[in-house]
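The values are calculated or read from the model by the stated rules, or taken from the named source; none is laboratory data. The model shown is predicted, which means the values in this text are computed figures rather than measured ones. Note that we place each Cβ from the backbone using ideal geometry, even for glycine, and neighbour counts take in every protein chain shown. Surface accessibility is based on the protein's heavy atoms, side chains included, excluding ligands, DNA and RNA. Shrake-Rupley method; radii C 1.70, N 1.55, O 1.52, S 1.80 Å.
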Amino acid sequence: MNTLMTCPDLCIRDTGPERGRGVFALRRFAAGELVEAAPILVLKVDYDTLPALLKTYVFDWTALTGVPRSQAVALGYGSMYNHANPANLRYVADARTNVMRYVAVRDIEPDEELTINYNALGGVHEWDDDNWFERAEIDLVDSHDTDDTDDTDDMNEDRTRANHEDA
């Protein structure tokens, strides 16, 4: 039997109200090392038809792979990486296997947060602007200031995610 996913070297931690949850290294990763190969779910829908919460977690699979009219939800830790510019990871989409590979662009130390760049086309780690949140019209709101009766706040915990459309 082929093992499809293992990832004992990462964990999710709360980073505080501004960024919510994030992914952290539990060991050192060398530049160029594969950090995670995350299976993805391809959604054959236009981005504009997605629920607001899901829009903050999906990747523009069309832009990354050429598969028409499609968005992707990365499983594993894939949709949990926070944004940084420059980031310490880059990602590579594989339409043949429906996997997103996250690769260290520099040496990463244990307990360091792992990040991707939401602005960058094609999953590169650095981009010349840093305005994805404004373009995507995402408000960064402290989830602790919201009504506790809203289950989406509990699920979201103020995590914002990239749809690299319009990047």
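The residue list VAL42, VAL35 contains one member that is in contact with a Lys or Arg (Cβ under 9 Å, 6 or more places away or on another chain), open to solvent by less than 60 Å² (accessible area, probe 1.4 Å) and modelled with pLDDT of 95 or more, which is VAL35. Taking the range 72-85 as the range and being assigned to a strand (DSSP E or B) and either open to solvent by 50 Å² or more (accessible area, probe 1.4 Å) or touching a residue at least 40 places away in the same chain (Cβ under 8 Å) (or both) as the test, the residues that pass are ASN82, HIS83. Taking the listed residues ARG106, ARG13, ARG19, ARG69, the one that is modelled with pLDDT under 95, part of a loop (DSSP other than H, G, I, E, B) and either more than 17 Å from the chain's Cα centre (by Cα) or over 16 Å from TYR118 (Cβ atoms) (or both) is ARG69, with no other qualifying.
Here's the yes/no breakdown for (1) open to solvent by 20 Å² or more (accessible area, probe 1.4 Å); (2) in contact (Cβ under 8 Å) with a residue 24 or more places away in the chain; (3) of a type outside the set (Gly, Ala, Ser); (4) on the phi < 0 side of the Ramachandran plot:
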position: TYR47; (1), (2), (3), (4): yes, yes, yes, yes
position: ALA63; (1), (2), (3), (4): yes, yes, no, yes
position: VAL67; (1), (2), (3), (4): yes, yes, yes, yes
position: ALA87; (1), (2), (3), (4): no, yes, no, yes
position: THR97; (1), (2), (3), (4): yes, no, yes, yes
position: VAL105; (1), (2), (3), (4): yes, yes, yes, yes
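Candidates are the residues of the range 12-23 that are open to solvent by 30 Å² or more (accessible area, probe 1.4 Å) and touching a strand residue (DSSP E or B) at 6+ places or on another chain (Cβ under 8 Å); the one that is nearest to LEU75 (Cα to Cα) is ILE12. Flag not set for ALA52, criterion: within 30 Å of GLY16 (Cβ to Cβ), more than 13 Å from the chain's Cα centre (by Cα) and at pLDDT 95 or above. Give ARG101, ARG27 a once-over and let me know the one that is in contact with a strand residue (DSSP E or B) (Cβ under 6 Å, 6 or more places away or on another chain) and either of a type outside the set (A, V, I, L, M, F, W, C) or open to solvent by less than 60 Å² (accessible area, probe 1.4 Å) (or both). Testing whether each residue is in contact with a strand residue (DSSP E or B) (Cβ under 6 Å, 6 or more places away or on another chain) and either of a type outside the set (A, V, I, L, M, F, W, C) or open to solvent by less than 60 Å² (accessible area, probe 1.4 Å) (or both) leaves just ARG101.
Which of (1) open to solvent by less than 40 Å² (accessible area, probe 1.4 Å); (2) under 22 Å from GLU18 (Cβ atoms) is the odd one out, the single condition ASP111 does not satisfy? Among (1) open to solvent by less than 40 Å² (accessible area, probe 1.4 Å); (2) under 22 Å from GLU18 (Cβ atoms), ASP111 violates only (1). Tallying residues that are of a type in the set (Lys, Arg) and closer than 21 Å to HIS83 by Cβ within the range 13-67 yields 4.
For the range 59-81, a residue qualifies if it is touching an Asp or Glu at 6+ places or on another chain (Cβ under 9 Å) and of a type in the set (Val, Ile, Thr), and the qualifying residues are THR62, THR65.
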